[in-house]
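The values are calculated or read from the model by the stated rules, or taken from the named source; none is laboratory data. Note that this is a predicted model, so its numbers are computed, not measured. Cβ sites come from the backbone with ideal geometry, for glycine too, and all protein chains shown count toward neighbours. With ligands, DNA and RNA removed, areas are computed over all heavy atoms of the protein, side chains included. Shrake-Rupley method; radii C 1.70, N 1.55, O 1.52, S 1.80 Å.
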Amino acid sequence: MEKRLTIKVNEKDNVAVAIRDLEKGEDIGNGIILLSAIPQAHKIALEDIEKGGKIIRYGVTLGYAKEKILKGSWINEHMLDLPKSPSLDNLEWGTNIVTDLPDPPRKTWMGYRNAEGPAGTKNMLGIVTTVQCAAGVLKVAVERIRKELLPLYPNVDDVVAVTHPYGCGVAINAPMAVIPIRAVTNLIKHPNFGGEVMVVGLGCEKLTYDRVLPPDLINDENVLTLQDYAGHDEMMNAILSMARRKLEKLNRRKREELPLSDLLIGLQCGGSDAFSGITANPSVGYAADMIVKGGGTVLFSEVTEVRDGVNFIAHRCISKEVCDKLASEMSWYDSYLEEGGVDRDANPTPGNKKGGLANIVEKAMGSIAKSGRSPITQVLSPAEKPTEKGMIFAATPASDIVCGPCQVASGIGLQVFMTGRGTPYGLEIAPVIKVCSRNELKKHWFDLIDISAGDVATGEKTIAEVGTEIFNFILDVASGIKKPYSDVYGFHNDMCIFNPAPIT
Ligand code: CA
């Protein structure tokens, strides 16, 4: 069988995407001869498009032609004007609630049960700082805990210093400070920390213990203030002995067979290309639908990347309340960008454009594909914890390194990360599985990317086949049976929690 050269996603589309680099003069079928060379993943005009005419992909208008575009031409990001983003007033909700989600091939996984909330995918001691000033001490202490204590507690996977840039030199009472404070509060209670609270502060910071902990947890068992200790040795001994008490308790935890309803995962993409929306993202969406069908919970995020497809998300919202929260989160972000003097088109990166993504509308349609077809049961503000199960939109920035920590604060036990261009990104607290959109990237980064969805583009595998493969890998990683490459090498990014409030 001749491998196909282009992919057209929707019947209404007047463009297709090149599956590989194509040459000038090549015949791509239907009487279309290429007028120039087309780089892989870039768009080709399937018909003549008049000046001001719509350029349609995914059945959606990506933009309007700046000049007449001839059939067989390459359409790059300079050739189209951005349409207006959809209005947030009177969004139509509940018109696309599907019930025929794919059945999961496995109904259980092996996790660490918690007294409340989702189960853990790892058993870790998490030591959280209230302020960046304590980070240096904590990093050294954690290295010592790893070497001197961890081998004594074989049921504990790791110890992690949860350090972040927040805590002092900030306008702690600013309205938006609620976001970073909520992030730190929820990180302390991450499901992988098994309910063992350990917080290290400096002593004079603005983010005091009472802002991140309930009164009954603020005691010598759980919090430790560096300024209370006389010199280096006393300080280290205090941290190590508190850690030892926590490790003893954590060491009693064991993995047990749990239903999918105890699983909470997050989805994110980064370094996307024009294939992301047809291979990696819909395949992950298929896996996500299986988890939802099995009773589990999946978060998808990245406000600026879905803003232009907000109406498609609204149609899947199960109530007016959920849809209203969606509109309010989007509207908050619109103003946040406006105050910064930019708009949503500040999002696509040079790499996205090189990968064939012309603008934010095209990126949005591909990005939303990761959420599959499941009904949307809840919308969360940044770093909030879910109270519902199912497919949930967790509002976060699209920035990889900020979205990750927001979802971790929401309690994800694992993140699936889709990429077209490639990124070594990872999270220390929750394993990150990399799914790439093209086989060329898997070949190039053979020992960095976990799964390639590239066979969907060439037609060698279906979305259901790759989706099932991803579903099984998610359950294996969540159960501690397999490790994604990011954990094999310890490629872990910093916890850049989202702080939209002023720094003082
Ligand atoms: Ca991202």
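Accessible area per residue for the chain is 40 Å², calculated with a 1.4 Å probe on protein heavy atoms, without ligands, DNA or RNA.
Of the whole protein surface, MET235 contributes about 40 Å² of accessible area at a 1.4 Å probe radius. Restricting the trypsin sites (Lys or Arg not before Pro) of region 164-263 to loop positions (DSSP other than H, G, I, E, B) with no more than 15 neighbouring Cβ atoms within 10 Å leaves ARG252, LYS254.
For region 126-281, with all protein chains present and a 1.4 Å probe, just round the carbon and sulfur fraction of the accessible area to a whole percent. Please list the in-between numbers first.
Details: 3230 of 6010 Å².
It is 54 percent, rounded to a whole number.
Put simply, the amide H of ASN76, placed in the peptide plane, has no neighbours under 5 Å, leaving out anything fewer than 5 places away on its chain.
In terms of solvent-accessible area of protein heavy atoms at a 1.4 angstrom probe, what is the ranking of CYS403, CYS168, highest value first? Working shown, then result.
Details: CYS403 0, CYS168 55 Å².
Of CYS403, CYS168, the descending order of accessible area is CYS168, CYS403.
Using helices alone, what [θ] at 222 nm do you get for the chain, with -39,500 (n - 2.57) per DSSP H run of 4 or more residues, divided over all residues and rounded to the nearest 500? Don't skip to the answer; put the middle values down first.
Working: 15 runs with 143 residues, N = 504.
Dividing the helical sum by the residues of the chain leaves -8000 deg cm²/dmol.
Give the distance, in whole Å, between the Cα centre of region 438-504 and the Cα centre of region 147-197. Cα centroid of region 438-504 versus Cα centroid of region 147-197: 24 Å apart.
In a reduced charge model with +1 at each Lys and Arg Cβ and -1 at each Asp and Glu Cβ, region 181-319 shows a dipole moment near 340 debye about its Cα centre. Phi-derived couplings, Karplus 6.51 cos²θ - 1.76 cosθ + 1.60 at θ = phi - 60°, listed residue by residue for region 190-195: 4, x, 6, 9, x, x Hz, with x used for Gly and Pro. Using the average count of surrounding beta-carbon atoms within 10 Å as a protection proxy, the listed peptides 68-78, 353-363 rank, highest first, as 353-363, 68-78. By the Cβ distance rule of under 4.7 Å, the chain has these cysteines without a partner: CYS133, CYS168, CYS204, CYS269, CYS403, CYS406, CYS436, CYS496.
Restriction of the GluC sites (Glu not before Pro) in region 202-295 to DSSP coil positions whose beta-carbon has at most 16 other beta-carbons within 10 angstrom yields GLU221. For region 30-71, the set of GluC sites (Glu not before Pro) satisfying both a DSSP loop assignment and a count of at most 12 other C-beta atoms within 10 Å is given as GLU50, GLU67.
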